[in-house]
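The values are calculated or read from the model by the stated rules, or taken from the named source; none is laboratory data. Only a predicted model underlies this, so the values are computations on that prediction, with no experimental measurement involved. In this analysis, Cβ positions are derived from the backbone assuming ideal geometry, glycine residues included, and neighbour counts consider all displayed protein chains.
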Amino acid sequence: VATFKGLVKTHLQAQTVEAIAVGHQHNHLGVSDAFATIYRRDGLIGLWRGVNGAVPRVMVGSAAQLATFTSAKDWVSHSQWFSPNNWLTALIAAAISGVAVAITMTPFDVISTRLYNQPVDEFRRGRLYHGFSDCMLKVCQTEGLLGLYKGMGPVFVRLAPHTVLSMLFWDLMRQQAAKHNQSQGRS
């Protein structure tokens, strides 16, 4: 489902008037029209366009989020700024994790966006990129490595608060569950 939403979101966000249009224009009338148009034109397979960029994005983002949060929390705990179960320890670790998530996911966002938004040929294959690796290679060749980090600011503004809140609340709930289980074990 996330792939369908990402595809439609990208089509709609890239859409603008011809005078300032950049890239391929899909000209959907709205969300439901986009889904219907893509399905009518390309079938169910068309709604999966770009999945080869979206799946690695989610995998890398989740791995970065969980690994850096755990490592950062251990580091903050060992530094003895706060007690290990203090919410500030989790907050600082979550903030560090938010930065790591934005850095690791931005290249995958760029690739997904390019794959989602490219025009297709009569066989419904991408005209610009043949897949994930081809897109990454072409971006690096034409725009340099930093081309994979276009939009890093907005990605950070979106992902960092989400990571901070998710990891902070998860850690607080985990601590409450552990306390509850300990009190149940004593009864």
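Looking at (1) exposed (fewer than 14 other Cβ atoms within 10 Å of the Cβ); (2) modelled with pLDDT of 90 or more, can you tell me which one I45 breaks?
Evaluating I45 over (1) exposed (fewer than 14 other Cβ atoms within 10 Å of the Cβ); (2) modelled with pLDDT of 90 or more leaves (2) as the failure.
Does any residue in the range 31-57 that is within 14 Å of V120 (Cβ to Cβ) come within less than 7 Å, Cβ to Cβ, of a residue that is of a type in the set (S, T, N, Q) and modelled with pLDDT under 80 six or more places away or on a different chain, and which pairs are these?
Short answer, once both residue conditions are applied: W48/T3; G50/T3.
May I ask you to list pairs of residues, at least six apart or on different chains, whose Cβ atoms are under 6 Å apart, with the first in the range 161-187 being closer than 15 Å to T70 by Cα and the second being of a type in the set (S, T, N, Q) and not in a helix (DSSP H, G or I)?
Filtered contacts from the range 161-187: Q175/N85.
Read through the list (1) farther than 30 Å from A100 by Cα; (2) at pLDDT below 80, then give the number of the only condition that A2 fails.
For A2, the exception is condition (1).
For (1) within 22 Å of H11 (Cα to Cα); (2) at pLDDT below 90; (3) out of contact with any Gly (no Cβ under 9 Å at 6 or more places or on another chain), each residue gets a yes or a no:
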site: N86; (1), (2), (3): no, yes, yes
site: A95; (1), (2), (3): no, no, yes
site: D109; (1), (2), (3): yes, yes, no
site: N117; (1), (2), (3): yes, yes, no
site: A160; (1), (2), (3): no, no, no
site: S166; (1), (2), (3): no, no, yes
